[in-house]
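S.K.: Here it is: the structure, laid out below.
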Amino acid sequence: MKDNFESSLQQVLVHEGGWADHPKDPGGATMKGVTLLTFRRHFGEDKSKDELRAITGEQLNQIYRAGYWDKCHCDELPGGVDYAVFDAAVNSGPGRGAKWLQGAVGAKQDGGIGPKTLTKVKEHNPVHIIDNICDRRLTFLCSLSNWATFGNGWNRRVEGLRSSAISMAEGHDISHEPIAPTIEYDSVKKGSSGLWVRKLQDAIKIHVDGIFGSGTEAALKAWQLENRLEADGIAGRNTYRSLGLIK
């Protein structure tokens, strides 16, 4: 639905995190789910990391609308279904999000939402479509090799989406419902100190003093190795997500 973009985007941004620039993150510098590469593609090759970190609401809207919402024809989908498809597109790509919708309504799964898919959508109960999309999404995520590491967080995201999308489909306004704020986090390593070191120490169940010394580094590397992450002793986005500290 045309009126649902803003509320759907706010829900999506809860899960996309704040600033991240881990040196070993293949996605590179990222702000609210937008990589530096994507930012430059939309606004110019000369854009810097500092400009990405200060990305405006208008710029976010432009990227998410053009890159995901419009690609999946969400304006033409029923309330709730639009949000379910949008979030799936952001998390797993517009093509895969479209295929999950097409599979849910019995349309050809070609990854492109057109008139035939939209006609099929009208033949189904929106709540049933949402449930089917979420089930297909979880089945896909469960098949990934890193499910054991990130599965808990992925499952929370999909089940939270299922609940909110069904509320939208049933005519409830979720725009005023409390949403957990986007989490700004600090990557930490040996020599760091402060709040995120304490969060990390508590999460891996070692002595909490807020100081990232050799003991914390050794404990973190052991935890990363056990959970099939790169044991680099640096706590960033992947480690925090695996620990459930961010979504």
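The values are calculated or read from the model by the stated rules, or taken from the named source; none is laboratory data. What you see is a predicted model, and the numbers here were worked out from it, not measured in a lab. Glycine gets a Cβ as well: all are built from the backbone with ideal geometry, and neighbour counts include every protein chain shown.
S.K.: Filter region 195-237 for residues that are farther than 19 Å from residue 21 by Cβ and part of a loop (DSSP other than H, G, I, E, B) and give the result.
M.R.: 204, 205, 206, 207, 208, 209, 210, 213, 227, 228, 231
S.K.: Sticking with this one: Restricting to region 114-142, name every residue that is within 24 Å of residue 71 (Cβ to Cβ) and among the polar types (S, T, N, Q).
M.R.: 117, 119, 132, 139
Every residue, every condition in (1) farther than 22 Å from residue 168 by Cβ; (2) touching a residue at least 24 places away in the same chain (Cβ under 8 Å), yes or no:
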{"residue": "41", "(1), (2)": "yes, no"}
{"residue": "75", "(1), (2)": "no, yes"}
{"residue": "78", "(1), (2)": "no, yes"}
{"residue": "84", "(1), (2)": "no, yes"}
{"residue": "91", "(1), (2)": "no, yes"}
{"residue": "101", "(1), (2)": "no, yes"}
{"residue": "110", "(1), (2)": "yes, no"}
{"residue": "121", "(1), (2)": "no, yes"}
{"residue": "125", "(1), (2)": "no, no"}
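S.K.: Give the residue, chosen from 28, 80, 44, 97, that is small (Gly, Ala, Ser), surrounded by fewer than 16 Cβ atoms within 10 Å (Cβ to Cβ) and modelled with pLDDT of 95 or more.
M.R.: 44
S.K.: Could you please give the count of residues in region 140-151 that are closer than 26 Å to residue 81 by Cβ and part of a helix (DSSP H, G or I)?
M.R.: Result for region 140-151: 6.
S.K.: Run residue 159 past the list (1) modelled with pLDDT under 90; (2) assigned by TED's automatic domain parsing to the domain that holds residue 77; (3) closer than 20 Å to residue 238 by Cβ and report the number of the one that doesn't hold.
M.R.: (3)
S.K.: Still on this structure, I have one more. Residues of region 5-24 being farther than 18 Å from residue 59 by Cα and either at pLDDT 90 or above or surrounded by fewer than 16 Cβ atoms within 10 Å (Cβ to Cβ) (or both), which ones?
M.R.: Within region 5-24, 23, 24 qualify.
S.K.: Given the criteria closer than 21 Å to residue 107 by Cβ and either in contact (Cβ under 8 Å) with a residue 24 or more places away in the chain or in contact with a Phe, Trp or Tyr (Cβ under 7 Å, 6 or more places away or on another chain) (or both), does residue 169 qualify?
M.R.: yes
S.K.: Further question: Regarding region 183-198, can at least one residue be identified that is of a type in the set (Phe, Trp, Tyr), touching a strand residue (DSSP E or B) at 6+ places or on another chain (Cβ under 9 Å) and at pLDDT 95 or above?
M.R.: no
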